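The values are calculated or read from the model by the stated rules, or taken from the named source; none is laboratory data. Just so it is clear, the structure is predicted and the values come from calculations on it, not from any experiment. Note that we place each Cβ from the backbone using ideal geometry, even for glycine, and neighbour counts take in every protein chain shown.
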Amino acid sequence: MKVSSRTRRLIGAAIALPVLAVAAIPAARESVWELLAPRAEADAATVQLEAVLADRELHVTMPDGSVKTYPIAVGSAKYPTPTGSYTIKRIVWNPAWVPPNSPWARGERPRGPRDPANPMKVAKLFFREPVYYIHGTGHVGSLGTAASHGCIRMHPDQVAELGALVMEAGGVAHDWDWVKRTLRVGETRTVNLKRPVRMSIVPRRAEPEPATEPVVSDSTVLLPVPFAPDTASAPTSAPEGGDAAVPVHPQAPSRTH
């Protein structure tokens, strides 16, 4: 069968278009990534967590410089929360609880995500694996005290908000709808962050340094401030040492506005 030249051109165009479309996909993805990457890197660089043990507060510095503050419970004197600089790399949503090998947990049994007796509520944000993390608690009355076994406790609603914020800063595209859906289903989900989020734990906030006045020593030379006195009306007095007289100006009258 003889195929006309026009038909050959149409067939060639039909084959070429899908090839061109497939070839354009990587370029399109790259251009989108170039737009998103600077924002993501900026967020990861500026979102920081700071837990202040003495204040029982967690401060989260946002990308715009604003600070969100949450009440927390910290470790007791027997089980203190460790201080230092850490990074959060992993979040577990709807965590189960396995009793640790510690005297205080003797006689306890493992608890699943839906178990009301599970002390781990909503999420665990690990800052020093595998032992220390931020987690939601059912004992909300303990917030503002030193009552935990070393971990940092938060209100369940607030730890959900913090987890969503940390995921976004860590480069994971799970929005608030994903969080609500995950909590509603109740299954354990582990999220590994693409970029670690920095966290520091300090005993107390650093006091600002008091302003110091300049010290004037005997060798300091004070230069006079030039001015144009009204010598006609200003009386004079001689400084100590018998030097030349210096005009003394009367106090200006006050104004009522």
Checklist line | Residue list for region 138-164, filter: in contact with a Ser or Thr (Cβ under 7 Å, 6 or more places away or on another chain) and of a type in the set (Val, Ile, Thr) | finding: Ile152
Check: Quick one: is Val122 of a type in the set (Val, Ile, Thr) and on the phi > 0 side of the Ramachandran plot?
Finding: yes
Notebook entry, point to check: When region 136-174 is examined, which residues are found to be among the β-branched types (Val, Ile, Thr), touching a helix residue (DSSP H, G or I) at 6+ places or on another chain (Cβ under 9 Å) and not in a loop (DSSP other than H, G, I, E, B)?
Noted result: Val140
Next item on the list: Please state which of the following conditions Thr87 fails to meet, knowing it meets all the rest: (1) at pLDDT 95 or above; (2) closer than 17 Å to Gln158 by Cβ.
Entry: (2)
Check: Looking at region 96-127, which of its residues are outside any loop (DSSP other than H, G, I, E, B) and touching a residue at least 24 places away in the same chain (Cβ under 8 Å)?
Finding: Trp104, Lys121, Val122, Ala123, Lys124, Leu125, Phe126, Phe127
Note to self: Can you tell me which condition Pro130 does not meet? The list is (1) in contact with a strand residue (DSSP E or B) (Cβ under 6 Å, 6 or more places away or on another chain); (2) assigned to a loop (DSSP other than H, G, I, E, B); (3) farther than 19 Å from Leu183 by Cα, and all the others hold.
What the structure shows: (1)
